[in-house]
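Below is one structure, written out as structure tokens; comments come after it.
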Amino acid sequence: MLKFTSAIFLAFFIADDLDRLAKDLKSKDAKVRMRAVEAIEEKGEAAAPIARNLCDAILDRDARIGKAALLAIEKVSPKLYAPLTAFLLNEAGKQYLGVEEMTKLKGEASPAIGVLIARYASSTSKEQILAALEIIGPEDQSVVKFFKSFSLQSPESDDWTIWFHRNRGVTFLVKWAGEDEKKRKEVYPYLKFAFTSMAKMKGKNEASSPVKCIELLGEYGALSKELLPAIKTLKLSDDMAIRKAASESVKKIETALKP
């Protein structure tokens, strides 16, 4: 009984210590942040529960702390160190190699989610980062929020990359929601926005077309009823793929609305 009680006490002590170090990583005092990184590195893999906090410290406004945090990852999360370093330090054209290796780690690479999201805009490996996030953190709230932002791209733009991001965003969100009715209701407004803000664009690749969005609205059945009239008009589109998607979605929505 004494040994059991001692083990519980030790576990609480360790957890409390890690919580303190995680908080210190966000201190306004750079010296405190640096000491926290050093203390976490000394703990090695025992500090794995706060590996994400350590990864976030790589983005510290003080470059010295960022470098120290990256080096500390080697001790705290050995599998993640090499691919994360490759992503951050490789020349632009080879950053994707690190991202692909992190993707293979799946959930074990989840501590790097914040770094991937933060570096997305300036990265030359955008497609690889999106694919990695879908696999590494499909339920992570930061990832969900990140993909939600894609569905709210400016509706005034006719840039095909905006279309690509909208479709990528809503596709992820629909998969995230699955059959969960509460999540579906949360996702629907983003799907609606993506659909209503899409202007017809010809000559672009499949990723930039509204076809996927139309198909997803059909999958949402009765939730999409307010858009039924608009989708019906697309049955007369001069784009064959759009006509087909619209016809199938109308059928699904109308079937879902039947008593």
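By other beta-carbon atoms within 10 Å, ranking LEU217, LEU70 with the fewest at the front produces LEU70, LEU217. Computed about the Cα centre, the dipole magnitude for the chain is approximately 580 debye when only Lys and Arg (+1) and Asp and Glu (-1) carry charge, each at its Cβ. In order along the range 175-181, phi translates into HN-Hα couplings of 5, 4, 5, x, 9, 6, 4 Hz, rounded to whole numbers, per the Karplus curve 6.51 cos²θ - 1.76 cosθ + 1.60 with θ = phi - 60° and x for Gly and Pro. Nearest 0.05, what FRET efficiency do LYS31 and LYS185 give at R0 = 45 Å with Cβ-Cβ as r? Working from the Cβ atoms, E equals 0.40. With the cut-off at 1.5 for a/c, could you classify the chain from its C-alpha gyration tensor as rounded, prolate or oblate? Because a/c hits 1.5 or more and a/b exceeds b/c, the chain counts as prolate.
Going by neighbour counts of Cβ atoms within 10 Å, the residues THR103, THR255 line up, fewest first, as THR255, THR103. 3J(HN,Hα) along the range 210-224: x, 4, 4, 5, 4, 4, 5, 4, x, 5, 8, x, 4, 4, 9 Hz, from the Karplus curve 6.51 cos²θ - 1.76 cosθ + 1.60 with θ = phi - 60°, whole Hz, x for Gly and Pro. Cβ-to-Cβ counts within 10 Å put ARG184, ARG64, ARG35, ARG166 in ascending order as ARG64, ARG35, ARG184, ARG166, the fewest first.
Reachable aspartates and glutamates from LYS75, Cα under 17 Å, same-chain residues fewer than 8 places away excluded? Partners found: GLU38, GLU41, GLU42, GLU45, ASP56, GLU108.
What separates the Cα centres of the range 56-109 and the range 218-251 is a distance of 44 Å. Quick one: of LYS126/LYS182; LYS106/LYS212; LYS148/LYS183, which pairs are farther than 24 Å apart, Cα to Cα? The answer is LYS126/LYS182; LYS106/LYS212. Split the chain at each of the GluC sites (Glu not before Pro) in a DSSP loop with at most 14 other beta carbon atoms within 10 Å, and the longest piece is 1-90.
Each other residue within a Cβ distance under 13 Å of SER27 adds +1 if Lys or Arg and -1 if Asp or Glu, for a net charge of +4.
Quick note: the coordinates plus some simple rules give every number you see, no bench work behind them. It should be emphasised that the depicted structure is a prediction, and the values quoted were computed from it without experimental measurement. Cβ atoms come from the backbone with ideal geometry, glycine included; neighbour counts cover every protein chain shown.
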